[in-house]
Amino acid sequence: MSKSDTILKLLQGCNSLQRLQKIHAHVITNGLQHHPAISTKLVHFCAVSVSGSLSYAQLLFHHIDNPQTQAWNSIIRGFANSPSPLQSILYYNDMFSSSVSRPDNFTFSFVLKACERVKAENKCREVHGTIIRCGYERDVVVCTNLVRSYVGNGFIGVAKKVFDDMSERDLVSWNSMISCYSQAGFHYEALKVYDEMKNENVGLDGFTLVGLLSSCAHVGALNVGVNLHRIACEEGFVKNVYVGNALIDMYAKCGCLDDAFCVFDSMQKQDVFTWNSMIVGYGVHGHGDGAISFFRQMLMAGVQPNSITFLGLLCGCSHQGLVEEGVEYFHMMNTKFNMKPGIKHYGCMVDLFGRAGKLEKALDMIGTSPSQDDPVLWRTLLGSCKIHKNVKIGEIAMRNLVQLGASNAGDYILLAAIYAGVKDTDGIAKMRKLIKSQGIKTSPGWSWIEVGDQIHKFVVDDKSHPDFFEIYHKLREVINQAALLGYVPEESLISVAGLITEECLETSTSYHSEKLAIAFGLARTPKGTSIRIVKNLRVCKDCHSFTKYVSKAFNREIIVRDRVRFHHFKGGVCSCKDYW
DNA sequence: TTGCTCAGAA
């Protein structure tokens, strides 16, 4: 066996950096440092292996006279997955300007990963052009990476076009499209991709299920989620811990804590994600005690909590008014678990004190937080001032938001509602004028409803639904039925001292998105079944009252998940006891 | 030597 063959063999069995350095020394003493296959292997090991070292890979790489494509690929790949992915793009540029070696399908896949991670949108487009010029636009892996890179850079439409134009799409391509949509917040689109996927006979796996379940959780698509759960059982994916965790999250976010627990209980292995999904689930439902109980069990099971565990706990304490417990866990982070509370934990504490009416303490909390420049903290405080009708601190919060240049329509509406709460008509007029004169934009309100396995989305005064004529007809009938039981529509916004939402600003008519969704639900679902609505904004006072009457008039349970919490309407009353 | 997965207050 020749010396170079011996060294190549040694390299194959190499499993640590120290061992590699010894082999490297051996390479040098034998004068083989310019042997192409050896130097390429050395660089590959250092750049890609978990026990490698990128800086050592760089050192080796710069000693190669004319690095071959494979060596370039290793260094580009290594940096693409490293904490400094920009380096990967710089090496890619170098390859074009200073090397005779040409990029191949691997090079493009790796550099696209780097573009995705550093948000290099222009580079992503440029690489796309090069891919076409070099004739790799039919490579399924390259195109899948291109889709991911475009989504990661915010070009959702371009990504979908690349995906649609792919000559071949395998299961990973479909999974990537779904998970990209899901992670970018395009949940409705993610579920639509699944509909397309079903016609293509590519099957599905754990990755598919996790992406889809995550989108179901976000939009509250329980029927689709339950269907996926059934498929997961049939196809043997329920043992996959990622799938189990995604199922727990889906059930919890759809308001079915019992089903979430069933999944939790049936899992053979529970990791920190599993426990967190339960704790957060109980937390967002306002069951602080449930979250605490799971937290204790988690510690007994020997699972180490992390920062999200505490967010779930603090959120639960805040919604249930468990101030003392919340304070205890906030301190415990530092004293017992050596974790520094982040800005989001401070946000929970501001909410905890604020909700409980301890507004001065909430204000102090912002003072001690790592950043007083975070608009979210001040906005949380403003929300608490609305609940407790505190004009003084409300104005302080607003002043800070304005100074930070972060005030939005929602904030002015909150302050207007605070003025309305104390019947300060001048204050209300001031807010109304500000909103009008500054042309402050509201975020558009929408409501989803799931009927069968389809999701129907409505906006205020929506006329885009193919059956809108029928829906409006039904809504008028529903309003009449509700009126027979005593429902009186609230006339206009700010003049009433009630809950005013952004949606109220958009229109003065009574056709808010959730009313349309409710009318549609009544028309399209069997009598006696529950109707589930998901909203992106808070429920307004008028819609809340309307939904109570509808639940009684039509003998239906109506479950509304708004931006902050769940409302379960049944027999004319709501689970929030009109306090939200 | 390529590509895809789970948790968060307001």
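For chain A, what does the alpha-carbon gyration tensor say about shape, rounded, prolate or oblate, given a ≥ b ≥ c as the root eigenvalues, a/c under 1.5 as rounded, and a/b over b/c as prolate? Here chain A falls in the prolate category. Exposed loop sites were defined as GluC sites (Glu not before Pro) in DSSP loop states (anything but H, G, I, E or B) carrying at most 11 other C-beta atoms within 10 Å; in chain A the longest segment without such a site runs A:201-490.
Computed over protein heavy atoms with a 1.4 angstrom probe, the accessible surface ordering of A:TYR150, A:TYR282, largest first, is A:TYR282, A:TYR150. Annotation: A:SER464 carries an accessible surface of approximately 90 Å², with a 1.4 Å probe and no ligand, DNA or RNA atoms counted.
Return the long-range amide H neighbours of A:VAL460 (sequence gap of 5 or more, or a different chain), with a cut-off of under 5 Å between placed amide H atoms. Amide H neighbours of A:VAL460, under 5 Å, 5+ apart: A:GLY445, A:SER513.
For the range A:311-337 versus the range A:195-240, the spacing of their alpha-carbon centroids is 34 Å.
Stretched out straight at 0.36 nm per residue, the stretch from A:THR29 to A:GLN454 would grow longer than its current Cα-Cα span by 146.1 nm. Multiplying the residue separation of A:SER167 and A:ALA184 by 0.36 nm and removing their Cα-Cα distance gives an extension gain of 3.7 nm. The 3J(HN,Hα) values that the Karplus relation (6.51, -1.76, 1.60; θ = phi - 60°) gives for the range A:455-460 are, in residue order, 9, 10, 10, 10, 10, 4 Hz. Gly and Pro appear as x. Does the range A:354-415 come out rounded, prolate or oblate by the C-alpha gyration tensor, with a ≥ b ≥ c the root eigenvalues, rounded set by a/c under 1.5 and, if not, prolate when a/b is larger than b/c and oblate if not? Oblate shape, in that a/c is at least 1.5 and b/c is the bigger or equal ratio.
Quick check: at a probe of 1.4 Å, how many percent of the accessible area of chain A sits on carbon and sulfur atoms? Result for chain A: 53 percent of the exposed heavy-atom area is carbon or sulfur. With both labels modelled 7 Å from their Cα along Cα-to-Cβ, the A:GLU234 to A:LYS433 distance reads 6.5 nm.
Roughly how many Å² is the accessible area per residue of chain A, as a whole number, for a 1.4 Å probe? Per residue, chain A has 47 Å² of solvent-accessible surface. Near A:ILE7, once Lys and Arg are set to +1 and Asp and Glu to -1 for all other residues with Cβ below 13 Å from its Cβ, the sum equals +4.
What pairs in A:LYS515/A:LYS552; A:LYS253/A:LYS463; A:LYS123/A:LYS160; A:LYS253/A:LYS527 have C-alpha atoms more than 20 Å from each other?
Over 20 Å apart, Cα to Cα: A:LYS253/A:LYS463; A:LYS253/A:LYS527.
Just the accessible area for A:THR208, please: 1.4 Å probe, Å², rounded to the nearest 10? Counting only protein heavy atoms, A:THR208 exposes about 0 Å² to solvent.
Ordering A:CYS14, A:THR29, A:SER55 by Cα displacement along the dipole of the range A:1-135 toward the positive end leaves A:CYS14 in first place; charges were set at the Cβ atoms of Lys, Arg (+1) and Asp, Glu (-1).
Backbone amide hydrogens, once placed in the peptide plane, bring A:GLY572 within less than 5 Å of A:SER551, A:LYS552, excluding anything fewer than 5 places away on its chain.
Taking a ≥ b ≥ c as the square roots of the eigenvalues of the Cα gyration tensor, the range A:186-246 is classed as oblate, since a/c reaches at least 1.5 and a/b does not exceed b/c. With label points built 7 Å along Cα→Cβ from the Cα atoms of A:VAL140 and A:THR368, find their separation and express it in nm. Each label point lies 7 Å from its Cα, and together they span 5.7 nm. The heavy atoms of A:TYR419 present about 10 square angstrom of accessible area, all protein chains included, probe 1.4 Å.
Length gained on full extension, A:LYS3 to A:ASP271: 91.6 nm, using 0.36 nm per residue less the C-alpha separation.
The values are calculated or read from the model by the stated rules, or taken from the named source; none is laboratory data. Because the structure is a prediction, the values reported are computed rather than measured. Backbone-built Cβ (ideal geometry, glycine too); neighbour counts: all protein chains shown. Note: accessible area is taken over every heavy atom of the protein model, side chains too, but ligands, DNA and RNA are not part of it. Shrake-Rupley method; radii C 1.70, N 1.55, O 1.52, S 1.80 Å.
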